[in-house]
1. Within the set of pairs 6+ apart or on separate chains, which have a first residue in region 130-146 that is of a type outside the set (S, T, N, Q), a second that is at pLDDT below 70, and C-beta atoms under 9 Å apart?
2. Could you pull out the residue among Ile118, Ile110 that is free of Cβ contacts under 8 Å to residues at least 40 places away in the same chain and in contact with a helix residue (DSSP H, G or I) (Cβ under 8 Å, 6 or more places away or on another chain)?
3. So Asn76 ticks every box in (1) under 25 Å from Thr37 (Cα atoms); (2) at pLDDT 90 or above but one. Which box is left unticked?
4. What's the total number of residues in region 94-107 that are of a type outside the set (Asp, Glu), part of a loop (DSSP other than H, G, I, E, B) and either free of Cβ contacts under 8 Å to residues at least 60 places away in the same chain or closer than 12 Å to Lys64 by Cβ (or both)?
5. For region 118-127, give me each residue that is of a type outside the set (Val, Ile, Thr) and either in a loop (DSSP other than H, G, I, E, B) or modelled with pLDDT of 90 or more (or both).
6. Answer yes if at least one residue in region 101-109 is more than 17 Å from Arg41 (Cβ to Cβ), surrounded by 11 or more Cβ atoms within 10 Å (Cβ to Cβ) and touching a strand residue (DSSP E or B) at 6+ places or on another chain (Cβ under 9 Å), and no otherwise.
7. Go through region 40-89 and give me each residue that's part of a helix (DSSP H, G or I) and either acidic (Asp, Glu) or not assigned by TED's automatic domain parsing to the domain that holds Asp113 (or both).
Amino acid sequence: MEQLGDLELLMEKSFGDKAEPPAEQFQKKVEASSSKTVLSRGMDNRYLVLAVNIVQNEEGNHEKHLLITASQSLENKELCILRNDWCSVPVEPGDIIHLEGDCTSDTWLIDEDFGFLILYPDMLISGTSIASSIRCMRRAVLSETFRVNNINS
């Protein structure tokens, strides 16, 4: 029944309520995740996103530049450049990402030819949930969030 309480709280929240400023949201996200999240370079490549900027390159194409760190103290910052279709990944400051590819002089380049990014690497989503989201994304999210165990006797 705890899940029902969570749903009722969400429904009570007014749509007219003002959202928190992005800086405050980011700070809360970092505080909540930094103490329990393992960040690392090398084999795991788990990074915290500090800032996201969309820029236009010399060819006139948009790129998403992510300022990232693998340090709990938010030092040793690196740059991750997302090009092509990777720009559509909805990454925000405070998110945890996993990177695969080459890092040259503290700069990651992820594009259609090489490398990839995993957003929320600690979240496991079943193939069934992904397939059910094709018709209705809300249904898939709600079924994952408010799971009910059916006991057939």
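The values are calculated or read from the model by the stated rules, or taken from the named source; none is laboratory data. Since the model is a prediction, treat every value here as computed from it, not as a measurement. All Cβ positions, even for glycine, are placed from backbone atoms using ideal geometry, and neighbour counts span all protein chains on display.
1. As it stands, the answer is Ile130/Ala140; Ala131/Ala140; Ile134/Ala140; Leu142/Leu7; Phe146/Gln3; Phe146/Leu4; Phe146/Asp6; Phe146/Leu7, since those pairs meet every condition given.
2. Ile110
3. Going through (1) under 25 Å from Thr37 (Cα atoms); (2) at pLDDT 90 or above one by one, Asn76 breaks only (2).
4. Qualifying residue count, region 94-107: 2.
5. Tyr120, Pro121, Asp122, Met123, Leu124, Ser126
6. Looking for residues that are more than 17 Å from Arg41 (Cβ to Cβ), surrounded by 11 or more Cβ atoms within 10 Å (Cβ to Cβ) and touching a strand residue (DSSP E or B) at 6+ places or on another chain (Cβ under 9 Å), one finds none in region 101-109, hence no.
7. Asp85, the sole residue that qualifies.
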